[in-house]
Amino acid sequence: MVAALVAPRLTGGSSSTAAVASPSASHAPVLSASPSPAPSPSVSPSPSPSPTPKAKPSPSPSKHTAAAPAHIASGAKKGVGVWSFGGVSQALAASGASWYYTWSTQHSGVTTPSSGSFVPMIWGASSVTDASLAQARSYGPYLLGFNEPDMAQQSNMTVEQALGLWPKLMAAGKILGSPAVAYGGDTAGGWLDRFMSGARAKGYRVDFITLHWYGGDFRTPQAVEQLKSYLAAVHDRYHKPIWLTEYALIDFSQGTRFPSAQQQADFVTASTKALDGLPYVRRYAWFGLGADPSKPSSGLFTDGTTTTAAGQAFQSAR
């Protein structure tokens with residue numbers, strides 16, 4: 001998903017530096033927001049996240065405030081995607097996230113909070129090395145599968161290639177998540193559907209489904225319902241627990257458009273409450289921890305102590 005936003009998602013691999021590279025300025029189209037999305041006319045094939053609201057506020061940089069609200073909440077589901085920036089470890093500890101990941105099997109430069117845990121990912125085919133698999137085992141029991149294999153800008157794998165490598169991931173992860181498709185996780189005959197059918201036919205283990213979701217409708221109630229609808233459709237298809245490992249409000253249907261800081265914060269509050277109430281959603285990870293103070297983003301912290309409006313909402317989420 002948000003391909004160029006985070007360098008590791010482009011490079012993957014087993015290097016520790018790639019795992020926490022700083023986000024770049026441009027973004028690539030990504031994900032879906034409702035069941036069976038139709039492609040949108042964006043720079044590269046991507047689903048139309050959700051109906052575009054009539055009012056289209058121009059994005060303005062998020063308002064930043066020194067952390068922290070009166071109470072920083074934490075819950076077993078609450079997580080975040082992390083890359084390197086100044087104060088990253090301090091921000092991660094202050095976020096209240098109980099888990100995080102870096103799109104890699106390592107978290108170089110990021111200190112895991114005493115109350116949190118790191119979950120490794122095997123990003124793509126090039127990441128399936130003895131060293132990376134050993135690292136994944138050492139951080140067990142959880143392991144996240146390939147990152148957006150259905151996207152050319154991401155791990156870019158065929159279903160057959162992913163299935164061919166899957167036994168190595170099964171050996172490395174006691175509790176193993178599916179490849180995380182960029183969109184269409186609920187679509188019959190889609191990438192994930194074909195992978196799950198192939199895994200079932202071969203007797204391969206997939207313990208939970210990992211998903212990404214980005215919403216282009218910035219109205220809070222509608223966005224939350226669209227997210228819940230997509231998750232329900234995927235759960236109805238595979239009947240497995242779900243980890244939502246990337247999500248935010250970003251509209252990729254015509255370039256990249258962000259909501260206002262308040263809209264993003266309102267969505268954080270409402271969506272985390274909704275996700276907490278879905279028993280089959282075991283974990284979620286907001287995209288992402290870091291934010292560039294000079295431009296709009298969905299990030300939570302601009303440095304170790306300064307939150308965006310979304311960051312304050314995330315801190316308060318249980």
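The values are calculated or read from the model by the stated rules, or taken from the named source; none is laboratory data. Quantities reported herein were computed from a predicted structural model and do not represent experimental measurements. Cβ sites come from the backbone with ideal geometry, for glycine too, and all protein chains shown count toward neighbours. Surface accessibility is based on the protein's heavy atoms, side chains included, excluding ligands, DNA and RNA. Shrake-Rupley method; radii C 1.70, N 1.55, O 1.52, S 1.80 Å.
Descriptive notes on the structure:
- Three-way shape call for the stretch 131-239 based on the alpha-carbon gyration tensor, with the a/c threshold at 1.5: prolate
- Relative to the current alpha-carbon distance between ARG200 and LYS295, full extension at 0.36 nm per residue lengthens the span by 29.7 nm.
- Take 249-256, 173-180 and order them by the average number of nearby Cβ atoms within 10 Å per residue, most first; the result is 173-180, 249-256.
- Solvent-accessible surface (1.4 Å probe) assigned to TRP83 amounts to roughly 10 Å².
- Distance violations [Cα-Cα > 26 Å] among LYS240/LYS273; LYS77/LYS202; LYS168/LYS240; LYS174/LYS240; LYS174/LYS228; LYS168/LYS228: LYS77/LYS202; LYS174/LYS228; LYS168/LYS228
- Sparse-neighbour loop sites [chymotrypsin sites (Phe, Trp or Tyr not before Pro); the stretch 97-204; at most 16 other C-beta within 10 Å; DSSP]: TYR204
- The order of THR187, THR269, THR210 by accessible area, most exposed first and with a 1.4 Å probe, is THR269, THR187, THR210.
- Rounded if a/c under 1.5, otherwise prolate or oblate - the stretch 188-318, Cα gyration tensor axes: prolate
- Selected from ALA223, LEU289, PHE195, residue furthest toward positive end of dipole (the stretch 185-297; charges at beta carbon): PHE195
- Whole-Hz Karplus values for the stretch 76-81 come out as 4, 7, 6, x, 7, x Hz, taken residue by residue from phi with 6.51 cos²θ - 1.76 cosθ + 1.60 and θ = phi - 60°; glycine and proline positions read x.
- Rounded if a/c under 1.5, otherwise prolate or oblate - the stretch 170-232, Cα gyration tensor axes: prolate
- Taking Cα centre as origin and charging only the Cβ of basic (Lys, Arg, +1) and acidic (Asp, Glu, -1) residues, the dipole magnitude of the stretch 166-318 rounds to 660 debye.
- List ARG205, ARG194, ordered by accessible area with a 1.4 Å probe, largest first: ARG194, ARG205
- Distance distribution P(r), the stretch 132-182, all Cα-Cα pairs, bin width 5 angstrom from 0: 5, 22, 29, 23, 16, 5, 0 percent.
- Each residue of the stretch 272-280 is assigned a 3J(HN,Hα), and the resulting list reads 5, 5, 5, 5, 4, x, 9, x, 7 Hz, derived from the Karplus form 6.51 cos²θ - 1.76 cosθ + 1.60 (θ = phi - 60°), x at Gly and Pro.
- When a 1.4 Å probe is rolled over the protein heavy atoms, the share of accessible surface on the stretch 100-175 that falls to carbon and sulfur comes to 54 percent.
- Apportionment of accessible area to carbon and sulfur, the stretch 197-259, percent (1.4 Å): 47 percent
- Once all protein chains are placed together, SER114 keeps about 130 Å² accessible to a 1.4 angstrom probe.
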